[in-house]
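Each remark here refers to the structure printed beneath this line.
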Amino acid sequence: MQQHFSLAECDVVGFDLDHTLCRYHLPQSARLIYDSFAHYLVTEKGYDEDLLTLSPDNLDFCCKGLVLDIEEGNFLKLAEDGTVLRASHGTKSMTFEEILEIYGRKEWKHFNTVSGMVSRTAKYYLYDNYFDLPGALLCARVVDSLDQHDGQKKYDFWKDMVAAIQHNYKISAFKEDCGMYFPEVKNHPDKYLRRCPESVKKWLKQLKNAGKILLLITSSHSDYCRLLCEHVLGNDFEEYFDILITNALKPGFFSHTPNQRPFRTLENDEEQEALLSLDKPGWYSQGNATQLYDLLKKMTGKLDPKVVYFGDSMHSDIFPARHYSNWETVFILEELLGDKGTVPVMAESEPLEKKGKYEGYQLEVPYFVSKQWGSFFMDRLPGLENAEETLVHTWSCKCISTYSTIAIPSLEAIADLPLDYRFTRFSSNSSATAGYYPSPPRALLPNEDSGMMK
């Protein structure tokens, strides 16, 4: 595979919506998501009212890449080889000795399936995006509460948690003003949503003017998608895209065969009859990547049009788009913003107009490295029997370099680059840091304490 990646070489540019094109005020949205789930558990399922109180410090528990071992009530941070680096029982951190006793220094028993991204089972749950993360904190506090009151050893709260998620996020919830989440975002969009920067809107138009086909593929239902897009992009948002696909049910959009999930037309945000094939651009619901690709062949007149997809979820966006559809993938990784060593890397020879803009971002709570869980990218593995500790990559970090073409903190970070800018892709050499733009996270640099780029 070639060493560089360029948008100029792509025929089709696709985007996820939530936390990709539409970014949120994270502390506010995290609190709303937590409250919406907690309120359901307390009022509908009889859980302890203490779950309703939350201090800002509690959010330190939220860290992408954690896996909940549901039956044990334990949260795990995994190394790239599947061993457990850190763990907590509920919110309480486990000692190295406790981790060794329960999990040993070997691959976690479910690692094979979790690393295949099959993360929807009754045994464990993978937390890899900002919609899920507040639920991790709530589950951890539920475990604390059950321990305190019942002294439980095996846990059975997961079905209630799933019910809370379904109650707040089900397709009809937006229309019916059901649950806490949608009514609140509807009534106070500015509190939760960040408007799309002008540089990104200009860049989207630039892509279209260059003849690229633009896609929006989101698992959000059409009514919520409309609210988000009108707020962050403007009332003319449909003009930015050739094809809009809502209720895409990712990752199944990429992994399921066409007859299981046909496209449907929409009328007043209600899904209509199933389509045998996709014949023209427009706004659709559900669907699958196979029939979409057939349409893209027609639209481009190419047998093998090159597609790149931008998304923030490894499980729903990046892994399936790469694994099943063989698309190029750009991972939106906001954790890169919280890395104090992040500075633009520019080759000395590059002219000014070739250099991307990198804003002085205000860091928000979830961007900071969690004190409890440490770096998203690396961690120290204590040595056995007085051996020295070693630095190892996390499993989350390994997934990035395996399934992403490049990783960026936001669309804004690349919006001012020319379309023919050549990014170094992850797979181009043995370096684990090659594909990060504008620079690798400091934790991955050899001299991590200096925070300076050499």
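For segment 177-231, just run the numbers: alpha carbon Rg, then divide by 2.2 N^0.38 Å, N being how many residues it has.
Values: Rg = 14.1 Å, N = 55, 2.2 N^0.38 = 10.1 Å.
In units of the 2.2 N^0.38 Å rule of thumb, it is 1.40.
Can you compute the FRET efficiency between Arg422 and Thr402 using 1/(1 + (r/R0)^6), with r the Cβ-Cβ distance and R0 = 25 Å? Round to the nearest 0.05. Working shown, then result.
On the way: r = 21 Å, r/R0 = 0.86.
Approximately 0.70, to the nearest 0.05.
May I ask you to compute the full-extension gain from Lys154 to Ser93, defined as 0.36 nm times their residue separation minus their alpha-carbon distance, rounded to one decimal in nm? Don't skip to the answer; put the middle values down first.
Details: separation 61, 0.36 × 61 = 21.96 nm, distance 1.81 nm.
The Lys154-Ser93 span can extend by a further 20.1 nm.
Take the cross-link list Lys212/Lys297; Lys208/Lys306; Lys64/Lys371; Lys202/Lys250; Lys77/Lys109 and give me the ones stretching past 18 Å between alpha-carbons. Could the numbers behind the result be given before it?
On the way: Lys212/Lys297 13 Å; Lys208/Lys306 15 Å; Lys64/Lys371 13 Å; Lys202/Lys250 28 Å; Lys77/Lys109 14 Å.
Check vs 18 Å cut-off fails for Lys202/Lys250.
What translational diffusion coefficient, to the nearest whole µm²/s, does segment 26-188 have by Stokes-Einstein, given a Kirkwood radius computed over alpha-carbon pairs, a temperature of 10 °C and 1.306 mPa s viscosity?
On the way: Rh = 16.5 Å.
Approximately 96 µm²/s, per Stokes-Einstein.
Starting from the 7 Å offset along Cα-to-Cβ, what nm value, one decimal, do you get for the label separation of Leu275 and Lys170?
Between Leu275 and Lys170, the label points sit 2.8 nm apart.
Between Glu71 and Ser199, 0.36 nm times their residue separation minus their Cα-Cα distance comes to what? Walk me through the numbers on the way to the answer.
Details: separation 128, 0.36 × 128 = 46.08 nm, distance 4.68 nm.
Working it through step by step, the gained length comes to 41.4 nm.
So, in nm, how far is label Ala8 from label Glu267 when the simple model puts each one 7 Å beyond its Cα toward the Cβ?
A separation of 4.7 nm, rounded to one decimal place.
Tell me what the chain gives for mean residue ellipticity at 222 nm when only DSSP H runs of n ≥ 4 count, each as -39,500 (n - 2.57), the sum divided by the residue total, rounded to 500 deg cm²/dmol.
On the way: 14 runs with 130 residues, N = 454.
Result for the chain: -8000 deg cm²/dmol, rounded to the nearest 500.
Using a Förster radius of 45 Å, what is the FRET efficiency between Leu52 and Leu303 based on their Cβ-Cβ separation? Nearest 0.05, please. Before the final figure, lay out each step's value.
Values: r = 57 Å, r/R0 = 1.26.
Efficiency computed from Cβ-Cβ geometry: 0.20.
Between segment 258-285 and segment 32-77, how many Å separate their Cα centres?
Going from one Cα centre to the other spans 36 Å.
Can you give the convex hull volume per residue for the Cα atoms of the chain, as a whole number of Å³? List each step's numbers first, then the result.
Working: hull volume 68.5 nm³, N = 454.
Dividing the Cα hull volume of the chain by its residues yields 151 Å³.
What number, in percent, do you get for the relative contact order of the chain if the mean sequence gap of Cα pairs under 8 Å and at least 6 apart is divided by its residue count? Walk me through the numbers before you get to the answer.
On the way: 812 pairs, mean separation 98.1, N = 454.
This gives 22 percent for the chain.
Round to the nearest 0.05 the FRET efficiency obtained for Thr113 and Leu249 when R0 = 25 Å and r is the Cβ-Cβ distance.
Details: r = 20 Å, r/R0 = 0.81.
My answer for the efficiency is 0.80.
Apply the Kirkwood formula to segment 388-432: the hydrodynamic radius equals the inverse of the mean of 1/r over all pairs of different alpha-carbon atoms; give it in Å with one decimal.
Evaluated on segment 388-432, it is 12.7 Å.
Each value in this text was obtained by applying a stated rule to the coordinates, not by laboratory testing. Quick caveat, the model's predicted, so the values are computed rather than measured. Note: ideal-geometry Cβ built from the backbone for every residue, glycine included; neighbour counts use all protein chains shown.
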